[in-house]
1. If r is the Cβ-Cβ distance from residue 113 to residue 329 and R0 is 45 Å, what FRET efficiency results, to the nearest 0.05?
2. With θ taken as phi - 60° and the coefficients 6.51, -1.76 and 1.60, list the Karplus ³J(HN,Hα) couplings across segment 99-110 in order, rounded to whole Hz; mark glycine and proline as x.
3. Over all directions, what mean area does the Cα convex hull of segment 230-442 project, stated in square nanometres?
4. With the convex hull built on the Cα atoms of segment 34-137, state its orientation-averaged projected area in nm².
5. Can you show me the helix-derived [θ] at 222 nm for the chain, built from DSSP H runs with n ≥ 4 at -39,500 (n - 2.57) apiece and divided by the number of residues, rounded to the nearest 500.
6. Just the C-alpha atoms of segment 281-321: what Rg/Rh do they give, with Rh taken as the Kirkwood radius?
7. Within straight cross-link reach of residue 188, meaning Cα distance under 30 Å, which lysines are found once same-chain residues fewer than 8 apart are removed?
8. So for the chain, taking the charge dipole from beta-carbon charges (+1 Lys/Arg, -1 Asp/Glu), which of 300, 132, 404 sits furthest toward the positive end?
Amino acid sequence: MRYPYHPLVWHSVWLRRSIYLGLLATFAASLLTPVSHAQLAGYPAPRDPDYKKALTATVEDLMPIARLMAKKPSRRMALSPGYGIKPGENVLIVVSTRFDARVLEAIRRAIVEAGAKVDIVRTHAVEPKAQSANAGQEELQFQGEGGAAPQSRLSGARGTRALFEANISVGGSGYDLVIEGAGGPNPKADYRWEYIPWDTIDKFMYSMAAFPYEVQESMDKQMWKTITTARKIHATDPEGTDITWSWDPKFEGMLRENWPGYEILKQGHISPMPLFMSPEEANANGKIAGTINHAGTFPHMTLTIQKNEITKIEGGGEFGKRWDEVLQDCKKVGIKYPGFPAVGCGWFEEAAIGTDPWRTRDLPAEIRNRYVWERGRSGVIHWGLGVSQNFEYHPAIQEWYRQNASKVKRGGGHNHIHTYLTTMDITDAAGKVTRVIDKGHLTFLDDPEVRRIAAKFGNPDELLTERWIPPYPGINLPGNYMNDYARDPYAFIHPLQEAKRKLSGWNPEEGN
């Protein structure tokens, strides 16, 4: 019998020996079914980095990455933070007690080396509850795109602002830079505010933090230019996505109005659908399908989109059921959210493409509702649908939401589906078609100019290669997609992640 390809076998001998002798012997029967075991041609094989190498790294090992972050320009990019440290600056770092101490110390040292002073506040946090089944419905409970509500009054934007004000109240001058947070739009402030999303050491080593930002800059600029000169976008994915929409030339101006101060919106997270808007001119029609969102997995779900709006939800288990209840409640109440085409709260308003080739799956992803991290990997799309807005720069709209959003379930919401092996074509005004994603691979990684810049830092073939590619039976490994995976994604993913955690020496005491 031919066993399905296992992603943990890809990189190293110690993984290969352990998996074949142990895990595959135990789980092969459950992963295989009597039906067809074909896989689709051309899709990249599953791949993982050496997690054990990351988890055993020292502070000294991390210093080159930390120095890169201290030097990288500060531009308020949620998925591509940089600190831009200048001599004499005052910096405040706020992280939880579960944040990896080695990463924190490396960043502190790098900032001090650059000539700045650092205050550090560590806030209370407890070990996240463990999940034992599909938990995509947990996304409906999120307080924001970055995750659940803070566990400490000093966590989050409000708590951090209070710390800033406390510094001034005791005779300080405040801070030039605040480093706090991990997801969603960066808080608006009169000082620089950057994120620190690397609560575990593997995230710090295998992500954009360690990637040369000059290479990232070149790639993102070319991608942004391709999007803003587009006229039609078409995306397909072997999980069932097939959707087409239009890009109107005025969309770029609308984005600059709604997101002031950004040259590229947003680096590391670039959307060819105007972010947190759903203009009628986009006229999106088709289907979006998948099994993963920011919080967890769910049985296969398909959304039917007509004129930008969700008109039907099929499948998705508890997540699909609860999301449909929100949509139906919005229609029943009859609220028209400002900036959206009509009554309802199921509007297609995001198709954010990750541009970080080194990002990987969080080791405890399936047991801690942690699939949000991997959305930033290059070529991964997280499709966002709902009625979100950029409140920070539009206080009048924020006040409207405060007064009206509570009238419907979950305030209308903003939910996601991730796709990992998408193919996307963009057609410009002259009819030229550019394939920007090919079976999950971001093609800007192959651009000659990007490779030329990458060559200054090492071998472009190594620098521009994705560190992680997820496994899908019936797509990029033998098996049946629906029977072996999509009916119960947790049952397929959990044993794989459990083996990685065991073999790499993962510490459950770390990570938010």
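1. Between residue 113 and residue 329 the formula returns 0.25.
2. For segment 99-110, the Karplus curve yields 6, 4, 5, 5, 5, 4, 5, 4, 5, 4, 4, 4 Hz.
3. Numbers: hull surface 46.0 nm².
Mean orientational projected area (segment 230-442, Cα hull): 11.5 nm².
4. Working: hull surface 46.6 nm².
Value for segment 34-137: 11.6 nm².
5. Numbers: 14 runs with 142 residues, N = 512.
That comes out to -8000 deg cm²/dmol.
6. So for segment 281-321, dividing Rg by the Kirkwood Rh gives 1.03.
7. Cα-Cα hits under 30 Å: 71, 72, 86, 117, 203, 221, 225, 250, 266, 336, 407, 409.
8. Going by the charge dipole, the pick is 132.
FYI, it's all coordinate maths here, none of it is from the lab. All values derive from a computational prediction rather than experimental measurement. Please note: Cβ atoms are built from the backbone with ideal geometry, for glycine as well, and neighbour counts cover all protein chains shown.
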